[in-house]
Every structure is written in C-alpha cells, then in structure tokens.
C-alpha cells in the first residue's frame, strides 16, 4: 500500500513539473514570435550623439517585462537573464552593458518614460529600488529595470526627461524647424541636454 501511494505521489509530481516546463517553453516561444527583434547597439558611440550624458552606473539588470504587468517577464533569448550590468546614457540612447549576456540597447527615440518601482519581471523589492525604463519595441511597450545606487536615480530620471524633451518633433536630427538649422537649435539653448 505504501509503495502504491509513493508511486501515485511521484506520478503527480512528474505531471506537475512537466506541465510547468511546457508552460514556460510555450510562453518563451510565443513571446519570441510576438515581439520585434531587439535593437542592436551601435558599433561605435562616437561624435556628439555618443558622448556620455552621465557617468556610467553599475548595478544589476533586473529584467524586462511587458509594460504595466511586472509579472509578464520577457524571456526572449537572454533578455530574461538577471545579471550585473553597467548602464550608459548618451543622446543616441541607453545601453545596458550586461555581464555574461548580450548588451541591451534602447534607442533614445524609443524611450517613453522613466520611474522608480518596486517590482519588475517577477522580482519584487520592499521599496522603490528599481530604476524602470518604459520603451517601445515595435507595437509593444516594455518595462526594463536596473537596480543600482538609489542616490543617482533622480539624476538619471532628470537626464532622461531632458533627453526626451530634446527629441520632440522639430528637435529630432533632420527635422529642423523652418528657418532654423541644427546648429542654431543646439546653440540657441534648446531643450537638448
């Protein structure tokens, strides 16, 4: 009788674990089909658009999830892998230089919002310990989180908001307002940082 009960418990455990693995694999495959390819970082960040706007920040890349749903983690490729990272900001965009994973590049034109948050990609903290970047990939909004020294979060949020203001229509490179060339706009104290 004990042997039969043990076999039943083991069979139920195997069924539950198999279902969990298949569900995870299906979600990963489904997400890979739904999302556009992630942008590749520029080969070289040189020139005025590549200059660092802030000193690099070190910390942990906490993950990426669908915007507004911190539990809907993106698992495409190595995007779902939490790893140590260095965060770089330039006028061209935001670079997560991740250890043991490919760099994650968010072009400045894709950034939509920045905030602090408690939870991202299935991970939660007791305080607003994540710096969360909302950005657009194809037709989807994503939240990508970085956990670093909280003392610099306000500085990063202000710099990103200024960068976003500098990318409003009429301030994008090549979108010069009538009678104003890019040199006049940048030298005239425009919204660009």
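Can you tell me the length gained on complete extension of the stretch residue 69 to residue 150, counting 0.36 nm per residue apart and subtracting the Cα distance?
On the way: separation 81, 0.36 × 81 = 29.16 nm, distance 2.27 nm.
So the extension gain works out to 26.9 nm.
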Between residue 127 and residue 34, how high is the FRET efficiency from 1/(1 + (r/R0)^6) when r is the Cβ-Cβ distance and R₀ = 30 Å? Nearest 0.05.
0.40
Spin-label pair residue 140/residue 99, simplified geometry with 7 Å Cα→Cβ offset, distance in nm:
2.8
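Starting from the Cα gyration tensor of segment 40-111, take the square roots of the eigenvalues, sort them a ≥ b ≥ c, and report rounded, prolate or oblate (rounded when a/c is under 1.5, otherwise prolate if a/b is larger than b/c, else oblate). Mind dumping the intermediate values first?
Working: a/c = 2.01, a/b = 1.66, b/c = 1.21.
Prolate.
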Taking the Cα-to-Cβ direction at residue 113 and at residue 76 and moving 7 Å from each Cα, how far apart do the two end points lie in nm?
2.1
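Every number here is computed from the coordinates shown, using simple stated rules; none is lab data. The structure presented is a predicted model; accordingly, all values stated were derived computationally and were not measured. Positions of Cβ are generated from backbone atoms using ideal geometry, with glycine treated the same way; all protein chains shown enter the neighbour counts.
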